[in-house]
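Notes follow the structure.
The values are calculated or read from the model by the stated rules, or taken from the named source; none is laboratory data. On a predicted model such as this, the values are computed, not experimentally measured, just so you know. When we count neighbours, we look across all protein chains shown, and the Cβ atoms used for this are built from the backbone with ideal geometry, even at glycine. Side chains are part of the model used for accessible areas, which takes the heavy atoms of the whole protein and leaves out ligands, DNA and RNA. Shrake-Rupley method; radii C 1.70, N 1.55, O 1.52, S 1.80 Å.
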Amino acid sequence: MAFPEPVWVRGVVAMAKKGSPVGHAYFQITDPCPEGGQTPAAADCALFAGERVRIAREVGRLGLLFTLEDGMEARFQVSPSIYERNGRFSYIVRGFDPEYTGSASAMHLKRLVEKLEREGILGENGTLPFPRVPLKVGLVTAGNSAAAEDFLQTLRESRYPFEVFTSWAPMQGVETAAGVTAALVRLLTVPDLDVAVITRGGGSVTDLAWFNDESIARTIAQLPFPVISGIGHETDMTLPDFASHTRAKTPTHAAMLLVNSVAGFLDAIEDNALRLGRSASPRLTMERLKLSQLTSTLTKKAERPSIHFIGIISRATAMIQGKVLPRVSGQHRGLDQMRSRLSGLISSGFSARLSSLDRIEATLSRRDPAKMLALGWSMALDATGKPISSVSSVSPRDTVHVKLSDGKLRTRVEKVEKT
């Protein structure tokens, strides 16, 4: 035989099947492939029950758990085998290298997370407020990648006016950390950027391990805008996932987080506009009534002191004519001062109430639905003319009226899709 002794092979685990009733495990080991590419080579592997138990014990002594999962990169000791009946080639697994596998990558990631948590690095970006309308988006990913297209297509389908500023970077290999860091720094030149997204599609443990570099995490912590990390698939975890404001499961999910945020804001605007429309008229009437009452009260308070003091002055003049002129003069001055203070009080009351009315009218003007329509928004109404705020209130073939700034569109629902 060409290989009389076991040899070491490395590759990516694929098609890992659940153990047989007697404890055997079967899988394939393949060459790593680029994102979205085809696997160039694969070989069948068999791990028999006895060897499986032995390997699990050896790995357990290191404090690790031995598992076979699709996508994990591993190094196995194998004996090449050819089944004589059909000439099929396969590997019989004899050993396993825990220092090479995804377990080693997981241990490295764990150590990095613990270190950066102690330094307070991982929580920095998460303290930034997430914008309610994140329309200016920085995108860090590989140019012309499937991840970039999935992300951009999701934003396009939303019909919202997103502005995407791309900052391309390598998503695999030794240049990943430096490239991603530089791409994030370039986004600092974009004025008033709302959010940045780092994303790539799935890959092997080794492919994604290039992101487990603390320079990326430290850069994210210093950015003035929140970062969304959408690297790999739902089960994949990399260092940017811990350092970013928000973790997304996939590139598409990262885009949907932005779409849902904008949709939620518009729903809130629509609800506020409807509530303001219903409550504006009673509120203004109440404010005018309060202003009228205040005016009447202040006017009466201003008049009573005047009559009182004038009466005192008249009686004093008749009784002690010519003897208390200085005192009378003093009373007149006091009366003038009181009249002046009352005049200021009345004026201040009027001004305060008028200012309150001005603020209310300004708020109503800003949130006037007609102005929102003039800016390019639209409002969906049902057949009775009531606003539609949820797709759950609409069914296929329903008639929907779309209100625009210059008229209405009568449409028919073909399909209802919930996000």
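Things to note:
- Filtered residues of the range 83-100 (kept if assigned to a loop (DSSP other than H, G, I, E, B) and closer than 24 Å to I55 by Cα): D97, P98, E99, Y100
- Screening A56 on (1) surrounded by 14 or more Cβ atoms within 10 Å (Cβ to Cβ); (2) in contact (Cβ under 8 Å) with a residue 12 or more places away in the chain shows it passes everything except condition (2).
- Pick from the range 220-245, criterion open to solvent by less than 20 Å² (accessible area, probe 1.4 Å) and among the hydroxyl-bearing types (S, T, Y), ranking: farthest from V137 (Cα to Cα): T238
- Scanning the range 161-177 for residues that are assigned to a loop (DSSP other than H, G, I, E, B) and surrounded by fewer than 16 Cβ atoms within 10 Å (Cβ to Cβ) returns P161, G173, V174, E175.
- Among the candidates E270, E287, residue that is open to solvent by less than 40 Å² (accessible area, probe 1.4 Å) and under 30 Å from L381 (Cβ atoms): E270
- Test for A46: is it at pLDDT below 85 and hydrophobic (A, V, I, L, M, F, W, C): no
- Residues (out of contact with any helix residue (DSSP H, G or I) (no Cβ under 7 Å at 6 or more places or on another chain) and closer than 21 Å to T181 by Cα) located in the range 115-141: K115, E117, E119, G120, G123, G126, T127, L128, K136
- Members of the range 82-96 that are open to solvent by 30 Å² or more (accessible area, probe 1.4 Å) and in contact (Cβ under 8 Å) with a residue 12 or more places away in the chain: R88, F89, Y91, R94
- Enumeration of residues in the range 139-159 that are open to solvent by less than 60 Å² (accessible area, probe 1.4 Å) and farther than 18 Å from D207 by Cα: L139, F151, L152, T154, L155, S158
- The set of residues in the range 178-212 that are crowded, with 19+ Cβ neighbours inside 10 Å, more than 16 Å from the chain's Cα centre (by Cα), of a type outside the set (G, A, S) and in a loop (DSSP other than H, G, I, E, B) comprises W210, F211, N212.
- Residues in the range 122-138 that are open to solvent by less than 30 Å² (accessible area, probe 1.4 Å) and more than 11 Å from the chain's Cα centre (by Cα) were compared, and the one that is farthest from S215 (Cα to Cα) is V137.
- Of all residues in the range 364-419, those satisfying the criterion of being of a type in the set (A, V, I, L, M), more than 19 Å from A263 (Cβ to Cβ) and modelled with pLDDT under 80 are L364, A370, A374.
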